[in-house]
1. Inside the stretch 61-86, can you point out the residues that are at pLDDT 85 or above and basic (Lys, Arg)?
2. Within the stretch 113-155, can you find the residues that are over 22 Å from ASP42 (Cβ atoms), at pLDDT below 90 and crowded, with 17+ Cβ neighbours inside 10 Å?
3. Go through the stretch 186-210 residue by residue and tally those that are touching a helix residue (DSSP H, G or I) at 6+ places or on another chain (Cβ under 7 Å) and of a type in the set (A, V, I, L, M, F, W, C).
4. Taking GLN142, is it of a type in the set (S, T, N, Q), under 12 Å from the mean Cα position of the chain (by Cα) and under 23 Å from ALA53 (Cβ atoms)?
5. With the condition being surrounded by 15 or more Cβ atoms within 10 Å (Cβ to Cβ), under 23 Å from the mean Cα position of the chain (by Cα) and free of Cβ contacts under 8 Å to residues at least 60 places away in the same chain, I'd like the helices (runs of 4 or more DSSP H) fully within the stretch 200-319 carrying at least 1 qualifying residues.
6. Exposed (fewer than 15 other Cβ atoms within 10 Å of the Cβ) and in contact (Cβ under 8 Å) with a residue 12 or more places away in the chain: does that describe ASP106?
Amino acid sequence: MDEADSAVQQPGFGQQGLSEAALAIRNTIVGRLHDDGLNHHDVQFRVKSAASASEKMSRRDNAGELKYPGGLENLDDLIGVRVILFVESDIEAVAIALSSAFICHDDEDKTAMMRKNGGIGYAGRHLTLEVPAENPPVNCAQYSGHRFEVQIRTVLQHAWAEFEHDIRFKGSSGDNAEISRAFTMASTLIELADQQFVNIADTLKRLQAEGAIEPVPEFQKLDAGSLQGVLNRAFPMYRSSKENQYDWMVHVLAANGIDTVTAAEDWFQSIDARKVAKLMAYRFNPGQVRIADDLLLQSLGEAYVNATKSVGSDRNREPKLRARLRRLRDGWEGQQDE
């Protein structure tokens, strides 16, 4: 333990510096999810304490060799982030989005592994990421080289894992058979409930796209709820976005003179989303708000950038929009050359 204790006393283990890096990484992840229109419940972060880092570096295998030789540089979880989602079907999209923003060193799908092996228990997706030195996310430029672990879970998976950790690792239940059986039963119910959440979300989108749910009056002022209905009908193939993102898009549309349900319905129904999707070459199925943002950008160009660059709290929206506009234009020119 002496060597481990010495390591965490080095300048490289600065709790304040790690906390600042963790906050910047967390905010970057939230911004990326917003940019891609991906729905989520919460994004949390934590920094490993010096005592916890020291204990981990002192662990040895059965042969007596250190499990984590090399000191702090080999600990990828000094910074930990949890992305908590509502539906399991969104996990893949979030994993791809984060792997696109950061360097991905490891991607472990614990849910798939567990189900493949016929097991029941903790489920989630674990990524080991690094802030790139080349073209780092704007808010993380000074933290290039920092590695961190991301856990992606549903709300139900998160609740199960947190409760189990408190009972089994912090409590005194040990290997009590009755408690183990109860956790197994709860895990099975959570897996079923997660699947039903996916089914509910898919059914709702299908009903709204088919018009089975009565639409709001045509000339009603646009709000977050009515906009979600509009986008569900226009783009049923894309996933739902977070509620506050629809509210943000209402303000974006208003800045471009679209402020009623009728106007929004007419505009989005007249646009071919597939063309923009082809130009952007999305690596995953983005959220409806991201599709709407890119459609408006592709159609209105510089006027859209100028009209919406200050809408919302993202101070980097203007350079992001200009980068995406270049991508749309380059993609269009490339198609014309084919």
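1. Result: ARG82, single match.
2. Scanning the stretch 113-155 gives a single hit, MET114.
3. To start, the set of residues in the stretch 186-210 that are touching a helix residue (DSSP H, G or I) at 6+ places or on another chain (Cβ under 7 Å) comprises 186-187, 190, 193-194, 198, 205, 208-209.
With the extra rule that they be of a type in the set (A, V, I, L, M, F, W, C), the set shrinks to 186, 190, 193, 198, 209.
The qualifying residues number 5.
4. Working: of a type in the set (S, T, N, Q): yes; under 12 Å from the mean Cα position of the chain (by Cα): no; under 23 Å from ALA53 (Cβ atoms): yes.
No; evaluated as a whole, the condition is false for this residue.
5. On the way: elements: 224-234, 243-254, 261-269, 273-280, 288-300, 302-308.
By residue number, 224-234, 243-254, 273-280, 288-300.
6. Values: exposed (fewer than 15 other Cβ atoms within 10 Å of the Cβ): yes; in contact (Cβ under 8 Å) with a residue 12 or more places away in the chain: yes.
Here the answer is yes, as ASP106 does meet what is asked.
To keep it simple, each residue is scored yes or no on (1) within 19 Å of ALA101 (Cβ to Cβ); (2) among the polar types (S, T, N, Q).
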site: SER240; (1), (2): no, yes
site: MET249; (1), (2): no, no
site: ASP272; (1), (2): no, no
site: ALA281; (1), (2): yes, no
site: GLN288; (1), (2): no, yes
site: ASP314; (1), (2): yes, no
site: ALA323; (1), (2): yes, no
site: GLY331; (1), (2): no, no
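The values are calculated or read from the model by the stated rules, or taken from the named source; none is laboratory data. In this text, all values refer to a predicted model and were calculated from it rather than measured experimentally. All Cβ positions, even for glycine, are placed from backbone atoms using ideal geometry, and neighbour counts span all protein chains on display.
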